[in-house]
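Peer 1: Have a look at this one.
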Amino acid sequence: MTDNSHQRIAEAYAIAFNTPTGVTVLDHLHKRFYDNETFDKDPYVHARNAGQRSVVRFIMQMISQPQRDHQQAQQEQGEEQE
């Protein structure tokens, strides 16, 4: 995936999950799959729980990516002006 393509997808995640409905959905996913214990004595249940948590974590990382990129660009501009 090219940097430009990744950036567009990260921006799409941020747009989708920063709407009131998106915030509600992400909050529900977070409570249901991220805040829960992943460990289970059954390795298949444990793997499923870890996978669900991983997806929520991925969404949260994608949402924060455009914000991090924007902050980094601002820092770089500030350094160039000095």
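The values are calculated or read from the model by the stated rules, or taken from the named source; none is laboratory data. In this text, all values refer to a predicted model and were calculated from it rather than measured experimentally. Here the Cβ is made from the backbone with ideal geometry for all residues, glycine too, and neighbour counts use every protein chain on show.
Peer 1: Restricting the search to the stretch 31-62, which residues are within 11 Å of the chain's Cα centre (by Cα) and not small (G, A, S)?
Peer 2: V55, V56, R57, F58, I59, M60, Q61, M62
Peer 1: Sticking with this structure for a sec: Show the residue pairs meeting these rules: Cβ distance below 6 Å; 6+ apart or different chains; first residue within the stretch 1-17 and under 8 Å from M62 (Cβ atoms); second residue modelled with pLDDT of 95 or more.
Peer 2: Listed by first residue and then by second, the contacts come to nothing, as the list is empty.
Peer 1: Still on this model: Being without any contact (Cβ under 8 Å) to a residue 12 or more places away in the chain, among the hydroxyl-bearing types (S, T, Y) and assigned to a helix (DSSP H, G or I) is the filter here; which residues of the stretch 18-46 pass it?
Peer 2: T21, T24, Y44
Peer 1: Counting only residues that are loosely packed, with under 11 Cβ neighbours inside 10 Å and of a type outside the set (A, V, I, L, M, F, W, C), which one in the stretch 1-18 is modelled with the highest pLDDT? Give the steps one after another, and end with the answer.
Peer 2: Keep residues of the stretch 1-18 that are loosely packed, with under 11 Cβ neighbours inside 10 Å, which gives 1-5.
Checking the rest, the ones that are also of a type outside the set (A, V, I, L, M, F, W, C) come to 2-5.
Details: T2: 78, D3: 80, N4: 86, S5: 91.
Only one residue tops the list, namely S5.
Peer 1: Still on this structure, please answer the following. Only residues that are among the charged types (D, E, K, R) and at pLDDT 95 or above: list them for the stretch 19-40, please. Break it down into steps so the answer makes sense when it comes.
Peer 2: Initially, the stretch 19-40 is screened for residues among the charged types (D, E, K, R), giving 27, 31-32, 35, 37, 40.
Of everything in the stretch 19-40, those that are among the charged types (D, E, K, R) and at pLDDT 95 or above turn out to be D27, K31, R32, D35, D40.
Peer 1: Given the conditions (1) in a helix (DSSP H, G or I); (2) exposed (fewer than 14 other Cβ atoms within 10 Å of the Cβ); (3) modelled with pLDDT under 95, which single one is not true for P66?
Peer 2: For P66, the exception is condition (2).
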